[in-house]
Amino acid sequence: MTRAPVSLANLDLNLLVFLRELLRERNVTRAAQRIGVTQSAASAALSRLRRHFGDELLVRNRGGYLLSPLAVQLADQVEPVCTSMERLFSTSPEFRPEESDREFTLLVPDYVLAAFGERLSRELYAAAPRARLHVQVVKQALPADIVDTLRVLDGIVSAPGIALRAPGIRSMELFRDRWVCVVAADNPVVDGAGGSLALADLQRLPWVVPHHPDGGYPATFPLAPLIARLNDPPRVAVRVDSYQATPYFVAGTDRVAVMQRRLAALFADRPDLRVLECPGEPPPIVETLWWHEKHDEDDAHRWFREVTARAAREPEPVARASRPDHFTLESPSAAPERRSS
């Protein structure tokens, strides 16, 4: 049942802060500690919230407390409300990076962290040492409600997809990458054909695949065009929910991993691994920064986009000359800011 609108003038907004911590902790004592109030003040706040919503909110069970169905709904709503209010009251007439303590939140795959996460950290610290960065790592897939998610985040770094091409979402290409193959140094496959791989090798060798959906290779799978060139789908020996963990399941085996070049570069000097060009001309990797249109005129957000783009296009290190049979590292390119709606 929908409640009648409530005037902000009749609300104690301190209850909003307590409600957020209460729903996070599911415990009155811990919520009180989080916001620095006494146990009695927290109990009184809970009583007021229960009267307002006409609901218990916290329901005792054998192991502690559970959220009521209404509290579960409130938990989904209170976080973006509090975040918006914090941003509202931290707004200043002019954004000064060197003075700002604003927190910027990014949702990224762990591969992107390897690609330029450290440079982003350094760039941000050098220009705004008091600013904060909250990095959320994509576990498997992007949230289904992309537009609503971007309302409360500063950005998502991801390859272009249908879900991201929605009204109200802006974008800027950060960098391009390409696919390479990682095998064990003693894998017999590297002794033939001058240390290169053929499609037949990818067909024959067992694969290590990050974030692989159970049951097949959907059209949205990044390597779907490469898979389509094989006679049969590859045999997946290891599935791992991390791009950066992939090489650890290749070393000392006959397995192969098809990985992003930037990530593979971190392992290029390991004597037990070899990084080779990927056959089959898989499509390039295009990593893009996506944000909500409400940030367009936000000076702080505009500055953050510039810092992110600068960190992403910083040149890569050059591969060692002692390993000439490895792939060639090239400086990434970044396109100028592009807006989509």
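Charged neighbours of Gly64, selected by a Cβ distance under 12 Å, balance to +3 (K, R count +1; D, E count -1). The share of Cα pairs per 5 Å bin across the stretch 241-284, counted from zero up to the longest distance, runs 5, 20, 34, 25, 14, 3 percent. Remark on Met259: its backbone amide H falls under 5 Å from those of Val180, Cys181, Val182, a criterion applied only to residues 5 or more positions apart or on other chains, H modelled at 1.01 Å from N. Cα centroids of the stretch 12-66 and the stretch 229-274: 48 Å apart.
Within the stretch 27-164, antiparallel bridges make up roughly 35 percent of the DSSP beta bridges whose residues both belong there. Couplings for the stretch 278-285, taken from phi via the Karplus curve 6.51 cos²θ - 1.76 cosθ + 1.60 with θ = phi - 60°, read 8, x, x, 6, x, x, x, 9 Hz in order; Gly and Pro are left as x.
Each peptide among 97-103, 57-63 gets the average number of other Cβ atoms lying within 10 Å of its residues, and from highest to lowest they stand as 97-103, 57-63.
Close amide H contacts of Leu133 (hydrogens built in the peptide plane, cut-off under 5 Å, sequence separation of 5 or more or a different chain): Phe104.
When peptides 273-281, 9-17, 110-118 are sorted by average Cβ neighbour count within 10 Å, with the highest value leading, the order is 110-118, 273-281, 9-17.
Peptides 30-43, 199-212, 253-266 ranked from most to least packed, by the mean per-residue count of other Cβ atoms within 10 Å: 253-266, 199-212, 30-43.
Stretching the chain fully between Arg132 and Met85 yields a gain of 15.2 nm (0.36 nm per residue, less the alpha carbon separation).
What length, rounded to one decimal in nm, is gained on full extension from Glu94 through to Asp299, with 0.36 nm per residue of separation minus their alpha-carbon distance? Write down the numbers at each step before the final one.
Details: separation 205, 0.36 × 205 = 73.80 nm, distance 0.78 nm.
Full extension of this stretch gives 73.0 nm more.
Coordinate-derived values only; no laboratory data. It should be emphasised that the depicted structure is a prediction, and the values quoted were computed from it without experimental measurement. Glycine gets a Cβ as well: all are built from the backbone with ideal geometry, and neighbour counts include every protein chain shown.
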